[in-house]
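Read through the structure below, which is laid out as structure tokens, and then see the notes.
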Amino acid sequence: LVDDVHAFPGHIACDAASQSELVVPVKRGGKVVAVIDLDSPRPSRFTQTDGRGIEALAATLGDRV
């Protein structure tokens with residue numbers, strides 16, 4: 001969860017309009033098999049609640065990919 005991508009050292013934006021980001025790995029058998037990467041043009045767009053929801057989605061996907 002990155003509230004301001006411009007304040008995050010080494011951040012590589014996939015979209016020039018990106019201001020905040022939420023990234024969650026999808027794991028299967030302890031290995032990362034995919035990544036859920038959400039970008040927003042608004043700073044501080046994502047909350048801890050959003051993060052928990054995307055983590056739950058990632059856990060579900062990890063069992064199926």
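Values in this text are rule-based calculations from the coordinates and carry no lab data. Just so you know, these numbers come straight off a predicted model, no measurement behind them. All Cβ positions, glycine included, derive from the backbone under ideal geometry; neighbour counts span all protein chains shown.
Tabulated data for the structure shown
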read-out: Net +/- balance of residues flanking Pro25 in space, Cβ distance below 11 Å, scoring K and R +1, D and E -1; value: +1
read-out: Added length on full extension, which subtracts the Cα-Cα distance from 0.36 nm per residue, Val23 to Asp63; value: 12.6 nm
read-out: Computed [θ] at 222 nm, deg cm²/dmol, the chain (DSSP H ≥ 4; -39,500 (n - 2.57); rounded to nearest 500); value: -7500 deg cm²/dmol
read-out: Residues Ala34 and Phe8, FRET efficiency given R0 of 22 Å [Cβ-Cβ distance, rounded to 0.05]; value: 0.55
read-out: Measure of compaction for the chain (Cα Rg per 2.2 N^0.38 Å); value: 1.17
read-out: Estimated dipole of the chain in Debye, rounded to 20 [Cβ of Lys and Arg +1, of Asp and Glu -1, Cα centre]; value: 320 debye
read-out: Relative contact order, percent, the chain [alpha-carbon distance under 8 Å, six or more residues apart]; value: 34 percent
